[in-house]
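Encoded as structure tokens, the structure appears first; notes follow it.
The values are calculated or read from the model by the stated rules, or taken from the named source; none is laboratory data. Everything numeric in this text was worked out from a predicted model, so none of it was measured. Counting neighbours? That spans all protein chains shown, and the Cβs are built from the backbone with ideal geometry, glycine included.
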Amino acid sequence: MLIWVHDDALGPTQLVFERFPKAAAAYVFDDQVIEHRHYGLKRLHFIAGCLATLNEHHPVATYHGDTAQTLASLAKQSGTDIIATMATPCPKLGQVMGDLEVRHGLSLTVVEPTPLVQLESEPDLKRFSRYWRQAQKSAFKHADLPLFKRPQP
């Protein structure tokens, strides 16, 4: 098992580390992904900082190159055909996932993140305030923070 750490899963509390605590992890600085997502130096510095923090909790090896080829090579070296990663909405990273499965014949385990809120009904997305009224109690359910209420006249 190899964990693929990508730009949408840089935190040490990602569920993939909880589910596979003994698996090796890798992050690939991929020029095509960087170009596709229009990253500047500040974003790359942020990613490097996140990886440094992540290394304090779970070792992550960093590489530079084509993500799919690098991960396929690492999987082969470690004798595995399974790569675990967190879900992502990014189409470019989704394309990399497809390449791993189709071009390189690897099995992909995609871990879905825990949702921030659990809504009881379909959200009203026309205005954020309407959505927030629905989501507020669920968002702070486990927090020790008081809910903010409007002062009564």
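Key figures
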| read-out | value |
| --- | --- |
| Condition met for M97 (free of Cβ contacts under 8 Å to residues at least 24 places away in the same chain, surrounded by 18 or more Cβ atoms within 10 Å (Cβ to Cβ) and within 27 Å of E35 (Cα to Cα)) | yes |
| Pick from segment 112-153, criterion among the basic types (K, R) and at pLDDT 60 or above, ranking: nearest to L15 (Cα to Cα) | K141 |
| P113 vs. criteria over 19 Å from F29 (Cβ atoms), exposed (fewer than 12 other Cβ atoms within 10 Å of the Cβ) and either in contact (Cβ under 8 Å) with a residue 60 or more places away in the chain or in the same structural domain as A135 (by TED's automatic domain parsing) (or both) | no |
| Selection within segment 1-12 - crowded, with 21+ Cβ neighbours inside 10 Å and small (G, A, S) | A9 |
| Where T70 falls short, out of the listed (1) β-branched (V, I, T); (2) farther than 18 Å from M1 by Cβ; (3) without any contact (Cβ under 8 Å) to a residue 60 or more places away in the chain | (2) |
| Residues within segment 4-48 that are under 11 Å from the mean Cα position of the chain (by Cα) and basic (K, R), tallied | 0 |
| Candidate set: segment 13-72, residues that are basic (K, R) and part of a loop (DSSP other than H, G, I, E, B); chosen: the one surrounded by the most Cβ atoms within 10 Å (Cβ to Cβ) | R37 |
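Table: residues versus (1) in the same structural domain as R19 (by TED's automatic domain parsing); (2) out of contact with any strand residue (DSSP E or B) (no Cβ under 8 Å at 6 or more places or on another chain); (3) part of a helix (DSSP H, G or I); (4) within 20 Å of I3 (Cβ to Cβ).
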site	(1), (2), (3), (4)
Q77	yes, yes, yes, yes
A84	yes, no, no, yes
P89	yes, yes, no, yes
L125	no, yes, no, no
